[in-house]
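Where a number appears in this text, it was derived from the coordinates with a stated rule and is not lab data. Bear in mind the structure is a predicted one, so any value in this text is a computation, not a measurement. Every residue, glycine as well, gets a Cβ built from its backbone with ideal geometry; the counts of neighbours run over all protein chains shown.
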Amino acid sequence: MGGSNRVEKLENQVRELEATVTGLTDELLECKERLAELEASTESDTTSAAQSTESGSDTISSLLDEVDSYSSDDEESTAETETDSDEIIVA
């Protein structure tokens, strides 16, 4: 009877180990699915951030261009005013 008791213990241990392996395998698959979801989410966030940064840079560039054009216009009108002022003084 000692031998059959030992066999039963080993069979129980094998069943427990198989259950553990099955559980761990399920958890691993769930983790892989979640990781894939997170990576996809991160990629879309990164893409959105990059697009937002690009559009932000475009916006800043266009604002700077507008400021430059206003500055140029102001310099021209100031030059015209000074020229007009000179003409008025001279006349």
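Summing +1 for each Lys or Arg and -1 for each Asp or Glu among the other residues whose beta-carbon sits under 14 angstrom from that of V21 gives -3.
Full extension of the chain between R34 and Q13 gives 4.4 nm of extra length, using 0.36 nm per residue less the Cα-Cα distance.
Fully extending the segment from T42 to N5, taken as 0.36 nm per residue of separation minus the present Cα-Cα distance, adds 7.8 nm.
Summing charges over neighbours of E39, with a neighbour being any other residue whose Cβ is under 14 Å away from its Cβ, gives -2 when K and R count +1 and D and E count -1.
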